[in-house]
Amino acid sequence: MKNCLINLYLISNKIKMVHGTHNAVKDDRNNQIKIYVNGELLPRSEAKISVFDSGYLVGDGVWEAVRLNKGTLIFMDDHLSRLWNAAKATGIELPFTKNELIDIIKSVLSENNMTDGVHVRVMVTRGIKKTPSQDPRLTISGPNLVIIPEYKLADIKSKNKGIKLFTSTIRRGSPDYLDPKLNCHSKLHEVQALIQAIEAGADEALMLDVNGFVSTCNSTNFFMIKDGVVYTSTGQYCMNGITRQKIIDVCKANNIEVREVNFSLFDVYGADEAFVTGTFAGVTPVISIDGKTIGDTSDNEMSATLEKYYKTLVETQIK
């Protein structure tokens, strides 16, 4: 027991020491936020849900994360579309319309006096179970809705320093058993991949698909650049990233060649640049993969250009 506690302590401290794409600037205002739980707004310390919740018991739920910039929920239509598709795929009947959910989110933001620099996490689980079980027929309530708004800005140190990736032995699954495009609560395989990366001294895990091609990272999408061409995976085995798609869109809009193709670690190790994308941090440069330096880490010109185009696209969304 003592050894287990020591190991947990060491792992905990490793996680705290390693920076990454989800590092946020500390903001004490988050201590006072109110969290939405099924129609109630509760202080952070009192926001709780039953241990019989489907999400807690078996990871049976779907979620979205969206940014609030200058009073606007960025790319909200895209996020809602992904949430509704995920709910339909998992057979969760959402008890509200898209417009009603938007109104709920806005009311939560209003109650917290939030207008900018906010990351909103929306989580829907199947509901409360009669007893611990996978069987959806044992659900005795409607879906549970939790909304957590936090003041979260990406730590610029991570962007300036860049991140290190480590290729996990855990693969991105085939769409026929757990489609990687499904934004669900079942994330254990991604957590396992990240733990491997942390133990290897990296910040995030690079994950291959079932055929051995580069797919995505454990929580972000991966891109590489070679000879002025931007490459990302085919999308068959990676997360249905909204920021990923926006980067593809800005490439096409600015006459930058972008290819969604299969490529291997051999190709990645020889890349000129690499970066990852996500709703929270946008574009973050990658400086090394499996201990191998990627290109000239002092010159991530294309990555910086794409980040600029992405930020411009975000600005066009602000009303």
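Considering only residues in segment 1-54 that are of a type in the set (Ser, Thr, Tyr) and closer than 25 Å to Gly278 by Cβ, the one that is modelled with the highest pLDDT turns out to be Tyr36.
Applying the set (1) surrounded by 13 or more Cβ atoms within 10 Å (Cβ to Cβ); (2) assigned to a helix (DSSP H, G or I); (3) more than 23 Å from the chain's Cα centre (by Cα) to Ser50 leaves exactly one unmet item: (2).
Scanning segment 289-314 for residues that are buried (at least 19 other Cβ atoms within 10 Å of the Cβ) and not in a helix (DSSP H, G or I) gives Ile289, Ile294, Gly295, Asn300.
Look at segment 78-91: where a residue is surrounded by 18 or more Cβ atoms within 10 Å (Cβ to Cβ) and a partner is charged (D, E, K, R), sitting 6+ places away or on another chain with Cβ atoms under 6 Å, you get His79/Glu64; Leu80/Lys98; Leu83/Glu64. At least 3 residues being under 18 Å from the mean Cα position of the chain (by Cα) and not hydroxyl-bearing (Ser, Thr, Tyr) is the threshold, and among the strands (runs of 3 or more DSSP E) wholly inside segment 196-242 those reaching it are 204-208, 221-226.
In the set (1) in contact (Cβ under 8 Å) with a residue 24 or more places away in the chain; (2) more than 21 Å from Ser264 (Cβ to Cβ); (3) in contact with a helix residue (DSSP H, G or I) (Cβ under 9 Å, 6 or more places away or on another chain), the condition left unmet by Val191 is number (3).
Of all the residues in segment 25-47, those that are basic (Lys, Arg), assigned to a helix (DSSP H, G or I) and under 30 Å from Thr312 (Cβ atoms) number 1. Taking every residue in segment 197-217 that is assigned by TED's automatic domain parsing to the domain that holds Gln236 and pairing it with any residue that is assigned to a strand (DSSP E or B) and among the charged types (D, E, K, R), at least 6 positions away or on another chain, the pairs with Cβ-Cβ distances below 6 Å are Ala197/Glu204; Ala202/Lys164; Asp203/Lys164; Cys217/Glu204. All of (1) in contact with an Asp or Glu (Cβ under 7 Å, 6 or more places away or on another chain); (2) closer than 24 Å to Lys152 by Cβ; (3) buried (at least 17 other Cβ atoms within 10 Å of the Cβ) hold for Lys70 with one exception: (3). If you go through segment 75-111 and keep only what is charged (D, E, K, R) and either in the same structural domain as Ile242 (by TED's automatic domain parsing) or assigned to a helix (DSSP H, G or I) (or both), you end up with Asp77, Asp78, Arg82, Lys88, Lys98, Glu100, Asp103, Lys106, Glu111.
The values are calculated or read from the model by the stated rules, or taken from the named source; none is laboratory data. Keep in mind the model is a prediction, meaning the values are calculated, not measured. Counting neighbours? That spans all protein chains shown, and the Cβs are built from the backbone with ideal geometry, glycine included.
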